[in-house]
Amino acid sequence: MKQYNMETLKTLLANTINEKPDSYTIQQIFSSVQSFHDLIDVSEEELMTIKGIGKTKAKAIVSALQLAKVMYENHDEERYVIRSPRDVYDYVYAEMKYLTQEHFVLLGLNTKNQVMFKQTVTVGTLNASLVHPREVFRPLIRRSCASAIVLHNHPSGDPTPSREDIKVTERLSEVGKIVGIELLDHVIVGNDYVSLKEKGYL
């Protein structure tokens, strides 16, 4: 079974609350989230901040999304498996090679090292003050991930880590130990890649 896409979910939610897929309420739900994974993890409280959604509708929407989540997460054969830094590089290089700004990206993994989700955390020059551990670990905790890998691109093509890259890595690693979600690696993507795990920073 192929994973749900956003259009499928629009139809599902519209049918759940007797709305049209292009109705104001459905559009507001989708404009309030950034990704498929944010949507399937949305809470009743978050939904009730949208005009036209009360507790009854919010409960119905969350129930439908939980069903979609279970069906999505039960199909492990469709997930990409990370066994090495090269796997990380191969997974993201095609979409990152033309980026003109640095994108700091989070991969949440399950116990089989399969990618459960991919999420951009920040865009712009990597700085420890911009990459807050809360923004990295909150989605990992919500989705019950076993471990994580972070990565970012160097638009120059040179993947040599900077002092800020190392500082961010060490900070996230320490927080991961506290919350029980191991940071497996921080991979820098350029014309080739550098693994901070292989460099001894993790």
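Among beta bridges identified by DSSP and lying wholly in region 79-195, the antiparallel ones come to about 70 percent. Each DSSP beta bridge with both residues in the chain is either parallel or antiparallel, and the antiparallel ones are about 70%. May I ask which residue of 180, 151, 169 lies farthest towards the positive end of the charge dipole of region 151-195, with charges of +1 (Lys, Arg) and -1 (Asp, Glu) on Cβ and the Cα centre as origin? It is 180.
Specify the angular offset, from 0 to 90 degrees and rounded to the nearest 10, of the alpha carbon long axis of helix 163-179 from the longest principal axis of the alpha carbons in the chain. So the helix axis and the longest Cα principal axis differ by about 50 degrees.
Note: region 6-76, Cα convex hull, 77 Å³ per residue.
Between the Cα long axis of helix 85-96 and the first principal axis of the chain there is an angle of about 60°, rounded to the nearest 10. Is the C-alpha gyration tensor of region 79-195 telling us rounded, prolate or oblate? Criteria: a/c under 1.5 is rounded; beyond that, a/b larger than b/c is prolate, otherwise oblate. Note, shape of region 79-195 comes out oblate. Principal-axis analysis of the Cα atoms of the chain puts helix 55-73 at an angle of about 50° to the longest axis. Within the set (i) 1.01; (ii) 0.96; (iii) 1.04, the number that Rg/Rh (Cα atoms, Kirkwood Rh) takes when calculated for this structure is listed as (i).
Of the residues 93, 80, 24, the one that moves most in a GNM of the chain with alpha-carbon contacts below 10 Å is 24. By the count of neighbouring beta-carbon atoms within 10 Å, fewest first, 62, 70 end up ordered 70, 62. Charging the Cβ of each Asp and Glu at -1 and of each Lys and Arg at +1, and nothing else, the dipole of region 79-195 about its Cα centre rounds to 520 debye.
Every read-out reported here was derived from the displayed coordinates using simple, explicitly stated rules and does not represent laboratory data. Remember, predicted model here, so these are calculated numbers, not experimental data. For neighbour counting, all protein chains shown are included, and Cβ atoms are generated from backbone atoms with ideal geometry for every residue, glycine included.
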